[in-house]
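Asks: Here it is: the structure, laid out below.
The values are calculated or read from the model by the stated rules, or taken from the named source; none is laboratory data. Treat the numbers as computed from the prediction; the structure is a model and nothing was measured. Cβ: placed from backbone, ideal geometry, glycine included. Neighbour counts: every protein chain shown.
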Amino acid sequence: MKFLFQKMRTGKYDRLVVERDGRTEEVPCPKIGGIPHDMVHFAVENVMRMRGYLRKVAAGEALSLGMTPDVVSDQMERLVEVMQADANSGFPAPADLIAMYRVTCDARGVVPFDVTSTDIAAIRAEMRRLEKLWDATAPGSTLALSFDDEYAH
């Protein structure tokens, strides 16, 4: 499945579009700095090889602003929040992000999975890769992304 990220010319949102079964689904993506919010989901899920928001969409769940809750996708959502904060806060030490992830999970009643400094480094690298691709995408154009084949579920 391809996720089509549309870079809007103006406004506070870009757009994520999925085309399947002859229909188009789309949601607004807040512009948060380097990459749109849902592209952070893509980065985290692509690296961690776990089923979060976009992997659920790839498996057939409707593209919407919410998702059917389950333990793994809730864990992934918390990690996405932390990585988005990381990109907006100057890249603190990985141990600080891991601690923030645990606190965020605890505050929402989610059991955290083990996240390592290596995971944080890999997610940061993927976010930088996506930011370069996004920067090269002209306003009004689309960037198509698919999960790495070896990571697909």
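Asks: Does Val18 count as crowded, with 18+ Cβ neighbours inside 10 Å and farther than 16 Å from Leu130 by Cβ? Let's see the steps before the verdict.
Replies: Working: crowded, with 18+ Cβ neighbours inside 10 Å: yes; farther than 16 Å from Leu130 by Cβ: yes.
Yes.
Asks: Now for a separate question. Name every residue in the stretch 57-76 that is out of contact with any Asp or Glu (no Cβ under 8 Å at 6 or more places or on another chain) and under 20 Å from Asp119 (Cβ atoms), in order of residue number.
Replies: Val71, Val72, Ser73, Asp74, Gln75
Asks: Looking at (1) crowded, with 22+ Cβ neighbours inside 10 Å; (2) of a type in the set (D, E, K, R); (3) at pLDDT 95 or above, which is the one condition that is false for Arg129?
Replies: Only one criterion in (1) crowded, with 22+ Cβ neighbours inside 10 Å; (2) of a type in the set (D, E, K, R); (3) at pLDDT 95 or above is unmet by Arg129, namely (1).
Asks: Of the residues Asp106, Asp148, Asp119, Asp86, which is touching a helix residue (DSSP H, G or I) at 6+ places or on another chain (Cβ under 7 Å) and at pLDDT 95 or above?
Replies: Numbers: Asp106 fails: touching a helix residue (DSSP H, G or I) at 6+ places or on another chain (Cβ under 7 Å); Asp148 fails: at pLDDT 95 or above; Asp86 fails: at pLDDT 95 or above.
Of Asp106, Asp148, Asp119, Asp86, the one residue that is touching a helix residue (DSSP H, G or I) at 6+ places or on another chain (Cβ under 7 Å) and at pLDDT 95 or above is Asp119.
Asks: Please tell me if Thr104 is surrounded by 11 or more Cβ atoms within 10 Å (Cβ to Cβ), part of a helix (DSSP H, G or I) and free of Cβ contacts under 8 Å to residues at least 40 places away in the same chain. Show your work before the answer.
Replies: Values: surrounded by 11 or more Cβ atoms within 10 Å (Cβ to Cβ): yes; part of a helix (DSSP H, G or I): yes; free of Cβ contacts under 8 Å to residues at least 40 places away in the same chain: yes.
Spelling it out, Thr104 is indeed surrounded by 11 or more Cβ atoms within 10 Å (Cβ to Cβ), part of a helix (DSSP H, G or I) and free of Cβ contacts under 8 Å to residues at least 40 places away in the same chain.
Asks: Let me ask something additional. Identify, by number, the condition in (1) touching a Lys or Arg at 6+ places or on another chain (Cβ under 7 Å); (2) among the charged types (D, E, K, R); (3) modelled with pLDDT under 90 that Asp21 doesn't meet.
Replies: (1)
Asks: Can you name the condition, by its number, that Phe147 falls short on among (1) part of a helix (DSSP H, G or I); (2) touching a residue at least 12 places away in the same chain (Cβ under 8 Å)?
Replies: (1)
Asks: Sticking with this one: I want to confirm something. Restricting to the stretch 113-141 and keeping residues that are in a helix (DSSP H, G or I) and touching a strand residue (DSSP E or B) at 6+ places or on another chain (Cβ under 8 Å), which single residue is nearest to Asp96 (Cα to Cα)? Outline the logic, then answer.
Replies: So in the stretch 113-141, the residues in a helix (DSSP H, G or I) come out as 117-135.
Now narrow it down to the ones that are touching a strand residue (DSSP E or B) at 6+ places or on another chain (Cβ under 8 Å): 130, 133-134.
On the way: Leu130: 23, Leu133: 28, Trp134: 27 Å.
Going through the qualifying residues, I end up with Leu130.
Asks: State yes or no: is Val110 closer than 20 Å to His37 by Cβ, in contact with a Lys or Arg (Cβ under 7 Å, 6 or more places away or on another chain), assigned to a loop (DSSP other than H, G, I, E, B) and hydrophobic (A, V, I, L, M, F, W, C)? Walk me through how you get there before you give the answer.
Replies: Numbers: closer than 20 Å to His37 by Cβ: yes; in contact with a Lys or Arg (Cβ under 7 Å, 6 or more places away or on another chain): yes; assigned to a loop (DSSP other than H, G, I, E, B): yes; hydrophobic (A, V, I, L, M, F, W, C): yes.
Answer is yes for this residue.
Asks: Pairs needed: first member in the stretch 18-30, free of Cβ contacts under 8 Å to residues at least 12 places away in the same chain; second member anywhere, in a strand (DSSP E or B); C-beta distance under 9 Å; at least 6 residues apart or different chains.
Replies: That search, which allows pairs on different chains as well, returns Thr24/Val17; Thr24/Val18.
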